[in-house]
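Rule-based calculations on the coordinates, nothing more; no lab input. This is a predicted model, so every value here is computed, not measured. Cβ atoms come from the backbone with ideal geometry, glycine included; neighbour counts cover every protein chain shown.
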Ligand code: AMP
């Protein structure tokens, strides 16, 4: 029989997605460097109804990408904060060739690219079944990790929500955008990744438990500062 995970590990098992956000949190904790997620930053701008939030809300809900200028400004502001002095981990940025060029122009290095790859079909299934408890950040999946009571958080009994951009149609649109705008960046990183090069590209199979994927990633990262986690979603 499979060994029972310790209680600490079972918290990790329960987290949903095995996507880039989850893995980025784990790497960030392991290396003790902050995670810079432009997706999280934009969502919190929307939630706080700031000027930026109002400008990007419709774009986020539709699954399109916000403009490269907005992204580079967010990133530049963030990496100049003191907790980024010893390094940082990008989650989902740069996501276009334009952003990668702006990174170069601003001397923002990306040393290790971790590409978590997963079939479109599986992504659609995983994303469209995700549900979140906003206040705690706990996440569920209607099929793979259902809450004890349908639609309700296990701990508080409060209602779970679906991210507006996680509905199936929007996920499909996000994947189309990934193939058109982000995949060329993956090809670029693959091409420039050679022994002696500054940037190293690693592809990680996104199938498997969160722990399996984390282990594969850990085996692939030495303790280096600037990392990027890239994946379809
Ligand atoms: P994520 O949580 O990384 O999936 O990002 C959620 C949404 O935020 C995306 O669908 C985009 O609308 C926007 N976003 C996040 N990061 C970027 C980026 N680097 N470039 C453009 N748009 C982004």
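Spin-label pair residue 199-residue 105: with each label point 7 Å from Cα along the Cα-Cβ axis, the two points sit 1.6 nm from one another.
Going 7 Å from the Cα of residue 125 toward and past its Cβ, which residues in segment 197-216 have a backbone nitrogen under 12 Å from where you end up? Correct set: 207-208. Note on the chain: along the principal axes its Cα atoms extend 50, 47, 36 Å, ordered by decreasing extent. So what's the Cα pair-distance distribution over segment 72-132, bin width 10 Å, in %? In whole percents, the pair-distance histogram is 16, 41, 25, 17, 0. DSSP finds beta bridges in segment 100-233, and of those with both partners inside it, around 40 percent are antiparallel. Each Cα pair under 8 Å and six or more residues apart adds its separation to the average, and for segment 98-148 the resulting relative contact order is 18 percent. Counting beta carbons within 10 Å around each of 205, 153 and listing the fewest first gives the order 205, 153. Among 38, 22, 156, the largest mean-square fluctuation in a Gaussian network model of the chain (Cα springs under 10 Å) belongs to 156. Each DSSP beta bridge with both residues in the chain is either parallel or antiparallel, and the antiparallel ones are about 30%. Estimated from helical segments only, the mean residue ellipticity of the chain at 222 nm is -13000 deg cm²/dmol, where each DSSP H run of four or more residues counts as -39500 (n - 2.57).
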